[in-house]
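Below is one structure; the comments refer to it alone.
What follows draws every value from the coordinates through simple rules; no lab data is involved. Since we're looking at a predicted model, the values are computed, not measured. Note that each Cβ is placed from the backbone with ideal geometry, even for glycine, and that neighbours are counted across all protein chains shown.
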Amino acid sequence: KAGVTQTPRYLIKTRGQQVTLSCSPISGHRSVSWYQQTPGQGLQFLFEYFSETQRNKGNFPGRFSGRQFSNSRSEMNVSTLELGDSALYLCASSLLTSGGEQFFGPGTRLTVL
Amino acid sequence: GDSVTQMEGPVTLSEEAFLTINCTYTATGYPSLFWYVQYPGEGLQLLLKATKADDKGSNKGFEATYRKETTSFHLEKGSVQVSDSAVYFCALLNTGGFKTIFGAGTRLFVKA
C-alpha cells in the first residue's frame, strides 16, 4: 500500500501571499489530521477531518483552514502568510480500527520570506 | 485539558548505552499511549503503543509500560545504536477523542 503523500514537499512564499498544501491519505483511511511542526513550539494540532467533516480544530487563527474531499484527500490553506508560519506541515491519516495509530506523510516545508 | 510532558533533550549517548526517555501524561479517562519516532527529513512513524494500564508496548528493542498509578509511559532500550539517532515523541489519544496530543519531542544522538 502506498503511504501518505504530501505535495509539494518544499514551498517558498512571501508575506501576505496564500498557500494550499495537499495530502493524500493511505487508501481506505478516512481520517486526516494536520499538524504544524516548528523548533520552538513542537508539534501543534491544526485540525482533523473525517468523511469531509471537520471534527476537531486546534488553536490557530482563522487564516488556517482546511477541507476534505469525498475521496478523503485533504487540503489545507493558509492565507495572508506571516513569517511565523514558516514550518513543517505534517499530514497524518488513520483508520477508525487502527487503535489510534496515525500514519504520517513526509511533510511540506513552508518558508515564508 | 489533556497533556503530555517528556524530558527535554538533547540526549547524547554512546553506542550500546542504556536509554530512558521519560514521559508523563495528564488525562481524564483511559487514554491510549504512543511513542512515535521522527528520523531526519521524514514524518513521524509509530514506534510502539499501549492501550490500557499495565500493557507493555515493544518494537525494535524499545519498550514502554503503561503505568496508570504514576501516569507514565517511559521509553527504554537496553543497547542503542547510531541508527537510533532521531527525535522521539510521546503521545496520547483519549477515549472518544479525535485529536492526538504530542509531547515536545526528545532528540537523541548516539555516538559511535
*Rounded to the nearest 0.05, what FRET efficiency is calculated for residue B:95 and residue B:18 with R0 set to 30 Å and r the Cβ-Cβ distance?*
0.35
_Cα-centred dipole magnitude for chain A, charges only on beta-carbon of K, R (+1) and D, E (-1), debye, nearest 20_ = 160 debye
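Which shape class applies to chain B: rounded if a/c is under 1.5, otherwise prolate when a/b exceeds b/c and oblate if not, where a ≥ b ≥ c are the square roots of the Cα gyration tensor eigenvalues?
Numbers: a/c = 2.04, a/b = 1.68, b/c = 1.21.
Prolate, because a/c is 1.5 or more and a/b exceeds b/c.
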_Likely footprinting exposure, A:93, A:72, fewest C-beta neighbours within 10 Å first_ = A:72, A:93
*Label-point separation (nm) for residue B:70 and residue B:26, each offset 7 Å from Cα along Cα-to-Cβ?*
2.0 nm
